1. State whether the residues of the range 49-59 include one that is over 16 Å from the mean Cα position of the chain (by Cα) and surrounded by fewer than 18 Cβ atoms within 10 Å (Cβ to Cβ).
2. Consider VAL50 against the criteria (1) within 24 Å of THR147 (Cα to Cα); (2) away from the ligand (no atom under 16 Å from the Cβ); (3) not basic (Lys, Arg): it satisfies all of them except one. Which criterion is unmet?
3. Can you tell me which residue is nearest to ASP78 (Cα to Cα) among those in the range 26-48 that are surrounded by 12 or more Cβ atoms within 10 Å (Cβ to Cβ) and aliphatic (A, V, I, L, M)?
4. Have a look at ASP87, ASP142, ASP151, ASP135 and point out the one that is acidic (Asp, Glu), surrounded by fewer than 17 Cβ atoms within 10 Å (Cβ to Cβ), out of contact with any Gly (no Cβ under 7 Å at 6 or more places or on another chain) and without any contact (Cβ under 8 Å) to a residue 60 or more places away in the chain.
5. Any residue in the range 2-28 that's at pLDDT 90 or above: show its pairings with residues that are not in a loop (DSSP other than H, G, I, E, B) at Cβ separation under 7 Å, as long as the two are six or more apart or on different chains.
6. Does the range 133-151 contain at least one residue that is among the charged types (D, E, K, R) and closer than 22 Å to PRO32 by Cβ?
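The values are calculated or read from the model by the stated rules, or taken from the named source; none is laboratory data. The model shown is predicted, which means the values in this text are computed figures rather than measured ones. Using ideal geometry, Cβ is built from the backbone for each residue, glycine included, and neighbour counts are taken over all protein chains shown.
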Amino acid sequence: MTDAARRASTPPALPWHDSVRWQHLRRGDGCPLCNLPPAEVAFRLDAAIVRVPATACVPGYACVIHRRHVVELHHLADDEAAAFVRDVNRVAAAVEQLTGATKINLLSLGNLVPHLHVHICPRRPGDPFEGRVIDPGQTRTDAYTPTEYADLMLRLRAAVHFGSSR
Ligand SMILES: [Zn+2]
């Protein structure tokens with residue numbers, strides 16, 4: 001990987017320190033995940049929408065986002081939480097199978113955008129985060145070739161929707 005291929009990213013300042021701004025974000029005012037451009041949505045599931053960006057921390061990265069603005073998993077009713085976790089599991093199982101990951105890391109952070117979402121990060125020996133916790137915000141423009149990305153999208157959509165990942 002070249003330096004040019006790796007997007008330099010320093011950790012952004014958390015918005016918690018501006019309590020007014022943070023309360024706006026928690027309410028969903030101007031929430032970027034509530035207003036995702038359709039082109040950024042790879043597919044939709046029962047309770048979630050899924051992003052699979054071409055610029056990613058590791059190949060196979062996916063982000064499962066609740067369909068409505070809710071901050072925490074425990075803010076959902078039990079049946080809503082179960083539906084969301086079911087969607088996370090469908091995507092995680094497909095990512096595991098398609099990438100041959102050694103381990104799947106699930107991260108639910110929301111420190112920058114307090115709208116419930118789970119980062120699905122397949123880990124492998126020698127990945128750029130070996131020996132440390134993965135940072136889904138540290139993205140690479142060379143995670144895929146265009147052909148690899150198109151192939152992953154096709155296979156991931158099929159695996160999630162038709163259950164071929166199990
Ligand atoms: Zn939102």
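1. no
2. Only one criterion in (1) within 24 Å of THR147 (Cα to Cα); (2) away from the ligand (no atom under 16 Å from the Cβ); (3) not basic (Lys, Arg) is unmet by VAL50, namely (2).
3. If we take residues in the range 26-48 being surrounded by 12 or more Cβ atoms within 10 Å (Cβ to Cβ) and aliphatic (A, V, I, L, M), then ALA47 is nearest to ASP78 (Cα to Cα).
4. One residue alone meets the criteria, ASP151.
5. So the pair list comes out as ARG21/PRO15; TRP22/PRO15; TRP22/TRP16; LEU25/PRO15.
6. Yes - at least one qualifying residue is present in the range 133-151.
Here's the yes/no breakdown for (1) more than 26 Å from LEU14 (Cα to Cα); (2) away from the ligand (no atom under 16 Å from the Cβ):
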| residue | (1), (2) |
| --- | --- |
| VAL64 | no, no |
| VAL70 | no, no |
| ALA94 | yes, yes |
| THR102 | yes, yes |
| LEU109 | no, no |
| ARG124 | yes, yes |
| VAL133 | no, yes |
| TYR144 | yes, yes |
| TYR149 | yes, yes |
